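Dropping the structure in here first, questions after.
The values are calculated or read from the model by the stated rules, or taken from the named source; none is laboratory data. These figures come from a predicted structure and were not determined experimentally. Don't worry about glycine lacking a Cβ; one is built from the backbone with ideal geometry, like all the others, and counts go over all protein chains shown.
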Amino acid sequence: MRDDEPAAGVLPYAEVTDEAYAAQTAASFTVREFEFAVLLSGRCPRCDHTTTSTVVDELYRRDTPAAAQDPGYRTVLCECETDHPARPAGLRGCGAYWTLRLEVEA
Ligand SMILES: [Zn+2]
Ligand SMILES: [Zn+2]
């Protein structure tokens, strides 16, 4: 079932974050753990499309100061399948990113 049909007024791609993103997704995202990665799925807090992000060690460790201090933090990127205008070639999603605190052993 698709619930992320492109609609008029799709947000242009922009690499942005907001404190509210983490709060929204902490409550609503599904977290699945695998041996080398964590799979997060839910609705992007910026564009409201369904997104599934695979978070691997290399991705979240190089990012925010919070991630460097606490390995429980993961930087999550929107990876929805909708075409957002002005998106650089090869990228996915709307550009939103945020940091999630996960109770997961790295
Ligand atoms: Zn989107
Ligand atoms: Zn998004």
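Tell me yes or no: at least one residue of the range 68-78 is at pLDDT below 75, assigned to a loop (DSSP other than H, G, I, E, B) and either of a type in the set (Gly, Ala, Ser) or within 13 Å of ligand 2 (Cβ to nearest atom) (or both).
Yes, the range 68-78 contains at least one residue that is at pLDDT below 75, assigned to a loop (DSSP other than H, G, I, E, B) and either of a type in the set (Gly, Ala, Ser) or within 13 Å of ligand 2 (Cβ to nearest atom) (or both).
Identify, please: which residue in the range 82-102 is touching a strand residue (DSSP E or B) at 6+ places or on another chain (Cβ under 9 Å) and of a type in the set (D, E, K, R) and is, among those, farthest from Tyr21 (Cα to Cα)?
Arg92
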